[in-house]
Amino acid sequence: MKCELLAPAGDLEKLKIALMYGADAVYIGGTIFSMRANAANFSLEEIKEATKFAHKIKKKVYVTVNIIPHNKETKLLINYLKELQNCNVDAIIVSDIGVLSLAKSNTNLEIHISTQLSTTNKESVQFLQSIGATRIVLARECSKDDIVDIKQNTTAEIECFIHGAMCASYSGRCVLSNYLTNRDANRGGCSQICRWDFDLNTYQSNKNFTFCSKDLSMIDYIKDMIDNNITSLKIEGRMRSIYYIASVVSVYRKVIDNYYNQNYKINQKDKQILNNVANRDSISQFYNKDYGKNCNYYNNRMEISNQDFLAVVKEIKEEYIILEQRNYFKLGDKVEFFGPTNTIQFVIEEMTDEDDNFLEVAKHPLQKIKIKTNLNLQPYNFMRKVIEN
Amino acid sequence: MKILVMPTTSNQYNLADGIIIGIKGLSVNIPLTIEIEEITKINTEIFVSLNKNMFKDDLNYLEQILVKLNNTNIKGVMFYDLSIINISKKYNFKYDLIWHQEHMVTSSLSISIYNQMKIKAWVSNDITLREMQEIKKESKDELFACMFGYLPIFASKRPLVTNYLKTNNLKGNSTYIIHKENKNYQIIEDKNGTFVYTDFILDGLKETENLNYEYIILNSFSIPEHKFKEVVYQFVNKKYDYKLSNLFDNLGKGNLYQNTVYKVK
C-alpha cells in the first residue's frame, strides 16, 4: 500500500489546492468541535462539497472532531457526527474517548485518534485499537525507535507528522492559554503562549525566556518512514496560506513519488523551497532523540514574512494570464511559475492592470495584473521569485 | 468524602485520610516520588500516580512496577498514559485505576465510558464548579478533584531551562520562576522534562462543601510545611468558612467561576 500524503485545509480553496498539488487526503475542521476554532473552517454544506470534490478524483477527506468537550458540547455531538456521516467523510479525527464512543455507537464513521492524545507507545495504540480506532496519529515526541516499535507490534494504521509547527509541550498537556488568556487550548482556542517572551527571574539579563520551538521538517527521513510502513505522512497547518500548502505539498509529493519510482532523491532546491516558505527554522526534532538547545528559540528570534510568493494565477485567456498580486515585482524580474508537476522560469517584459494600463511595478496586494504569455499555465499556478538550486 | 494529600515529605503521610505519591521514573508533577519498596512502610490509604507519558523504553519498567504494586496494599493507580489500561487488562490487577489526563477529564460522557471499564476519574481543574457539580450528578462512580494547591499547566519533554541556560552560557540549578505582566509562574525541570505551574494557589475550601466528591485532593507542592498542615486541618475538619487568605496572599479560584472561551472571531 502506497504511503499517504495528508495535507491540511483551512477552507475549500485550500482543500482544492492541496489535492491539486498532490495530497492523497486532506484533513479539515467543521465550524464546531475542531481544534482550530479560529480558522475559517467548513460548514456542513462545504464538507459535503469537499468530499464530493475529493472523491471524484479518488482522494479522501478526514474531519477533525478533536476538542476535549465539556458537558454542554457533548449534547450536540450525536447529531453532528450523524451529519458528518451524511457528508460521506472518510474518517473523523478525535481526541476524546467519549466522542469516539458516540461515533462508534451512532455512526459507521472510521475513527482516527488525534495527536492531541499524545500516543507514544504500542500499548496505548493497542488499547485505542481495541475500542474502535483504526488509525493513530502519533505524538510528535516519538523517536524513530518508538515509531518502529509501535509499527512492528500493532496492526493499526500509523500517521506521523512530517512538517510544520510544533507544540512546545505534549499536546493536550498545555493549558497556558487557559490560565494566561482565558482561551481554552483543548477546545481550539490556543493563544500560543509558547511564542511569548518571559523573564526568567534568576538572571537579570536581557535574554528572554520562551517556550518557542523551531518547526518540524522530516524531508531527510521520508525514505526511512516509508521503509517503516508508516501509513500516512501528515503536514501541519490548517491556518497556513494557499502558497504554503501548494509549495510544501508539491515538494513532499515529488519526494514520495521518487521513492516509489526507484528514483529517491532530495535536491537542494526542494529543501530551499521548504525553508523559504516557512517563517521559522525547521529540524527533525524528536525523531533522532535530539531535543537540545538547537530545537528552541530563546531570544532575538525573527519570524520573517515570506516574500517569495509574488502572485497567483487566477485566469487564463488566449494570449495572456491574469494574476493576483501578493508581493512586489517589476518589469525585468526573472520569476518562476510552478504548478503541481512543473516549474517554468520567465522574465516579465510587459504587464498591465485590468484596464490595460501599462505597469512598471506591481505593488498593490490583490491587484489584478495581466501578463502576455503563451506558457502552459493553469489557474492556481503560483508565481514566485526564482529559487536557485 | 475523603481528603487525600499530595505530600512533599513523609511527615505529611498521616495528615488526612490518604496520600498520592509517585514512583521514581514514572511520575511527573507529583511532589513526592519514592522507590516502590518504601510503599509497604507507609500506613495510610495510598494512591500511586504514574502519570508520565510513556515511551518504548519505559514500558518494561512500567509493567514491572504495575505488577509489583499489585502485591502491595495500595488503593489505586492514577494514570495519564493509556498504556496502563492495556497492561492492566492482561493482569486484572486488584487495585483501582483512576483516569487522570489532567486537562482532559472534562465531561460526564467520557467519564462514563471509563466507568464502564471500571476506571474512576480525577476531574480536571479546567472546568467550572458548576460543571464539576453536573459531572457529579451524572456520575455513577467515585470522583476525585484537586481543591487546593498550585496547578500544573504545562508539561514538555524538552529540557527547556537547560536549553535556555546553554544557549546563553549561564549556569543554574533546577527551580526557577518565569515572569509575565507581574505574575510569577514556577517552572521546574527534571529528567522527564519541563513543567510549569499556575501563578496562584487554588483555594477551593469553601467550594468543597458543595462538591460532594468522594475524594478531595490537596497538593503540597511549593507550600511551606507548617502552612500546609494548617490547610489540611481546615479541610479535614470541614471548616469551610475558614479564610485561607490568613495564610497566603496569592490564592485564586482558577476556573471554578470562570468559563474559558475558545472562539474569538
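A few points about this structure:
- Restricted to strands (runs of 3 or more DSSP E) entirely inside region A:330-389, those with at least 2 residues that are closer than 28 Å to A:VAL251 by Cα are A:334-338, A:343-347, A:368-372, A:382-385.
- Per-region count, region B:118-136, residues in contact (Cβ under 8 Å) with a residue 12 or more places away in the chain and either at the interface with another protein chain (Cβ under 8 Å from one of its Cβ atoms) or surrounded by fewer than 22 Cβ atoms within 10 Å (Cβ to Cβ) (or both): 12
- Test: residue in region B:166-186 that is among the charged types (D, E, K, R) and under 25 Å from B:ASN51 (Cβ atoms): no
- Residues in region B:166-223 that are more than 17 Å from B:LEU151 (Cβ to Cβ) and of a type in the set (A, V, I, L, M, F, W, C): B:LEU170 alone.
- Taken together, the residues in region A:137-157 that are surrounded by fewer than 23 Cβ atoms within 10 Å (Cβ to Cβ) and part of a strand (DSSP E or B) amount to 1.
- Any chance A:SER247 is among the small types (Gly, Ala, Ser), surrounded by 21 or more Cβ atoms within 10 Å (Cβ to Cβ) and in contact (Cβ under 8 Å) with a residue 12 or more places away in the chain: yes
- One residue alone among A:LEU102, A:LEU117 is modelled with pLDDT of 95 or more, out of contact with any helix residue (DSSP H, G or I) (no Cβ under 6 Å at 6 or more places or on another chain), under 21 Å from A:ASN186 (Cα atoms) and within 12 Å of another protein chain (Cβ to nearest Cβ), and that residue is A:LEU117.
- Restricting region B:195-212 to residues that are more than 8 Å from every other protein chain (Cβ to nearest Cβ) and in contact with a Ser or Thr (Cβ under 9 Å, 6 or more places away or on another chain), the residue that is farthest from A:SER171 (Cα to Cα): B:ASP203
- Long-range neighbours under 6 Å by Cβ, at least six apart or interchain, first residue aliphatic (A, V, I, L, M) within region B:219-243, second assigned to a loop (DSSP other than H, G, I, E, B): B:VAL232/B:LEU15; B:VAL232/B:ALA16; B:VAL236/B:ALA16
- When restricted to residues that are within 9 Å of another protein chain (Cβ to nearest Cβ) and part of a helix (DSSP H, G or I), region A:126-135 contains 4.
- Index of the failed condition, A:ILE131 passing every other in (1) of a type in the set (A, V, I, L, M, F, W, C); (2) in contact (Cβ under 8 Å) with a residue 12 or more places away in the chain; (3) in contact with a strand residue (DSSP E or B) (Cβ under 7 Å, 6 or more places away or on another chain): (3)
- Considering residues of region B:1-28 that are over 20 Å from B:LYS229 (Cα atoms) and not hydrophobic (A, V, I, L, M, F, W, C) only, the residue surrounded by the fewest Cβ atoms within 10 Å (Cβ to Cβ): B:LYS24
- Test for A:LYS269: is it part of a helix (DSSP H, G or I) and farther than 24 Å from A:ASN228 by Cβ: yes
- Of the residues B:LEU143, B:LEU151, B:LEU165, the single one that is out of contact with any Leu (no Cβ under 8 Å at 6 or more places or on another chain), over 16 Å from A:LYS293 (Cβ atoms) and more than 7 Å from every other protein chain (Cβ to nearest Cβ) is B:LEU143.
- Any hit, region A:320-330, residues being of a type in the set (D, E, K, R) and touching a Phe, Trp or Tyr at 6+ places or on another chain (Cβ under 8 Å): yes
- Tally, over region A:158-193, of residues that are assigned to a helix (DSSP H, G or I) and under 27 Å from A:ARG135 (Cβ atoms): 3
- A:ASP184 vs. criteria crowded, with 24+ Cβ neighbours inside 10 Å and either closer than 19 Å to A:ASN66 by Cα or at pLDDT 95 or above (or both): yes
- Some residue of region A:227-240 being more than 14 Å from chain B (Cβ to nearest Cβ), in a helix (DSSP H, G or I) and farther than 30 Å from A:PHE309 by Cα: yes
- When the test is whether a residue is away from chain A (no Cβ under 14 Å), surrounded by fewer than 18 Cβ atoms within 10 Å (Cβ to Cβ) and either among the small types (Gly, Ala, Ser) or on the phi > 0 side of the Ramachandran plot (or both), B:ASN246 does not pass it.
- Single condition B:ASP57 does not satisfy, out of (1) in contact (Cβ under 8 Å) with a residue 12 or more places away in the chain; (2) surrounded by fewer than 22 Cβ atoms within 10 Å (Cβ to Cβ): (1)
- Scan of region A:162-179 for residues that are facing chain B (nearest Cβ under 7 Å) and of a type outside the set (Ser, Thr, Tyr), ordered by number: A:ALA168, A:GLY172, A:ARG173, A:CYS174, A:VAL175, A:LEU176, A:ASN178
- Candidate set: region B:5-16, residues that are touching a residue at least 60 places away in the same chain (Cβ under 8 Å) and outside any helix (DSSP H, G or I); chosen: the one nearest to the chain's Cα centre (by Cα): B:MET6
- Some residue of region A:74-86 being basic (Lys, Arg), more than 14 Å from chain B (Cβ to nearest Cβ) and either touching a His at 6+ places or on another chain (Cβ under 6 Å) or surrounded by fewer than 24 Cβ atoms within 10 Å (Cβ to Cβ) (or both): yes
The values are calculated or read from the model by the stated rules, or taken from the named source; none is laboratory data. Since the model is a prediction, treat every value here as computed from it, not as a measurement. Counting neighbours? That spans all protein chains shown, and the Cβs are built from the backbone with ideal geometry, glycine included.
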